[in-house]
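The values are calculated or read from the model by the stated rules, or taken from the named source; none is laboratory data. Quantities reported herein were computed from a predicted structural model and do not represent experimental measurements. When the accessible area is computed, the model is the full protein with side chains, heavy atoms only, and any ligands, DNA or RNA have been set aside. Shrake-Rupley method; radii C 1.70, N 1.55, O 1.52, S 1.80 Å.
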Amino acid sequence: MRRTGRSGPAAALPAVLRRVRGLSVPGPRLTGLGAGLLTTLMMLTIGCLDALLFSGSPTVYSVLFLPACAACGLWVRPADLLAAPVTAPLAYTVGLLPINEGSAGFSGQAVGVFTALSLQAGWLYAGTLLAVVIVLVRRAVLVTRRRRQQRPRPSRHPRSPHYSSAAQARSRP
């Protein structure tokens, strides 16, 4: 008797793959404002955790800024794609408040934030560029899908049944 199905670890792998493929990741649903608020809250939380766990390390904070930018670019709805690259630097700046090394008072805090922004500009640009690239790729995919869904246009106007080939020959110069 011949067995057609597999058993053991080799059979479990395709079953796991089928289950993973069956899980659908929800499409982007956040508005521009929602994506901005989410990214800002993420960066503020990361900044607070960084201040508590790593004594306010700007490098740790900046490295964790990259996944936040990717999430912002991926979760914003298609109508608000341009909001993601704009909100990312704003969220980075707000998240710097807990980890900056400025003195007391508003002006001291502002100097600390501006100093951190200038020293970590490479990470800020990298995260913003990541959001821009994700948004541009998503936009290109959307445009391509829309073009494929449209009916193909005829290359020339359809002929009227009342317009014969003899009439066409007479109308040519």
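Could you rank Phe54, Phe106, Phe114 by how accessible they are, 1.4 Å probe, largest area first?
Numbers: Phe54 115, Phe106 180, Phe114 140 Å².
The most accessible residue leads, giving Phe106, Phe114, Phe54.
Could you state how much accessible area Arg145 has, in square angstrom rounded to the nearest 10, with a 1.4 Å probe and all protein chains kept in place?
140
State whether the range 25-68 is rounded, prolate or oblate according to the following rule on the C-alpha gyration tensor (a ≥ b ≥ c being the square roots of its eigenvalues): a/c under 1.5 gives rounded; otherwise a/b larger than b/c gives prolate, and the remaining case gives oblate.
Working: a/c = 3.11, a/b = 2.38, b/c = 1.31.
Taking the square roots of the gyration eigenvalues as a ≥ b ≥ c, the range 25-68 is prolate.
Gap in Å between the Cα centre of the range 23-90 and the Cα centre of the range 100-118?
Centre-to-centre distance over Cα atoms comes out at 22 Å.
So what does Leu37 come to for accessible area, using a 1.4 Å probe and Å² rounded to 10?
100
What number, in percent, do you get for the relative contact order of the range 52-113 if the mean sequence gap of Cα pairs under 8 Å and at least 6 apart is divided by its residue count?
Working: 34 pairs, mean separation 17.2, N = 62.
Rounded, it is 28 percent for the range 52-113.
Over the heavy atoms of Trp123, what accessible area does a 1.4 Å probe trace out, to the nearest 10 Å²?
The accessible area of Trp123 comes to roughly 90 Å².
Given an 8 Å cut-off on Cα distances and at least 6 residues of separation, report the relative contact order of the range 90-132 as a percent. The partial results should precede the final answer.
Values: 23 pairs, mean separation 12.8, N = 43.
Relative contact order for the range 90-132 comes out at 30 percent.
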